[in-house]
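As structure tokens, the structure follows; a few thoughts come after it.
The values are calculated or read from the model by the stated rules, or taken from the named source; none is laboratory data. Computed from a predicted model, the values in this text were never measured in an experiment. Positions of Cβ are backbone-derived with ideal geometry, glycine not excepted, and every protein chain shown enters the neighbour counts.
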Amino acid sequence: MTPQIDGKVVVWADERSGDADIYGYDLATNREFPICTAPGGQWRPEISGNIVVWDDERAGEGNADIYGYDLATNREFPICTAGGNQSTPVISGNIVVWEDARNGWNNTDIRACDLGSKRESVICAAKGRRVARRSLATSSYGTTAGMVSSTYTAPC
Ligand SMILES: [Ca+2]
């Protein structure tokens, strides 16, 4: 499900073991490899360079978090484990952006983390929902365009 590609690596969410996991395929070597097979669902991977990000339900449904994996070092790392759902991450270079429901599902924010500085930023926390691109495709709710200036920063 939801395949993404950057360079020669394809990533996707895969339910072969029951709950969704993250897998990758290297087009240069024709090799498939698991990226994250932790308990609970791992969904909606995105990739930029060597970094894969996804939303991760290992802490329970309703408390999804954002995790990352560095293909260069084979190291997994949490990006945001705040309360509520953090979901539908996207990544460009060192910047990860996601939809964040820590303030309620009907008051979602857009937040970002700079993986270089490990700083989290609020991109938009205006009242109402902010819906990420892929949930937008399946959402029956109205949307509010979110993008604006960062309002404060806090550690990731
Ligand atoms: Ca969470």
Item to check | Within the stretch 46-56, tally of residues that are more than 21 Å from SER121 (Cα to Cα) and touching a residue at least 24 places away in the same chain (Cβ under 8 Å) | outcome: 1
Item to check | Failed item, numbered, when PHE33 is tested on (1) without any contact (Cβ under 8 Å) to a residue 12 or more places away in the chain; (2) closer than 28 Å to ALA125 by Cβ | outcome: (2)
Next on the checklist: Against the conditions (1) within 19 Å of VAL10 (Cβ to Cβ); (2) more than 11 Å from the ligand (Cβ to nearest atom), where does ASP55 fall short? Just the number, please.
Outcome noted: (2)
Checklist outcome for this item: Among (1) farther than 24 Å from GLY7 by Cα; (2) out of contact with any strand residue (DSSP E or B) (no Cβ under 9 Å at 6 or more places or on another chain), THR73 falls short only on (1)
Next on the checklist: Regarding the stretch 13-35, can at least one residue be identified that is within 16 Å of the ligand (Cβ to nearest atom) and in contact with a Ser or Thr (Cβ under 8 Å, 6 or more places away or on another chain)?
Outcome noted: no
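One line per residue, one yes/no per condition, for (1) at pLDDT 95 or above; (2) in a strand (DSSP E or B); (3) in contact with a strand residue (DSSP E or B) (Cβ under 6 Å, 6 or more places away or on another chain):
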site	(1), (2), (3)
GLU99	yes, yes, yes
GLY128	no, no, no
VAL131	no, no, no
SER135	no, no, yes
Next on the checklist: Just to be sure I understand the filter: pairs with C-beta atoms under 8 Å, separated by 6 or more residues or on different chains, first member in the stretch 59-86 and free of Cβ contacts under 8 Å to residues at least 24 places away in the same chain and closer than 14 Å to CYS113 by Cβ, second member assigned to a loop (DSSP other than H, G, I, E, B) and near the ligand (Cβ under 8 Å from one of its atoms). Which pairs pass?
Outcome noted: ASP65/ALA59; ASP65/THR81; ASP65/ALA82; THR81/ALA59; ALA82/ARG102
Next on the checklist: So in the stretch 72-97, with the set limited to residues that are more than 13 Å from the ligand (Cβ to nearest atom) and not in a strand (DSSP E or B), which one is surrounded by the most Cβ atoms within 10 Å (Cβ to Cβ)?
Outcome noted: ASN94
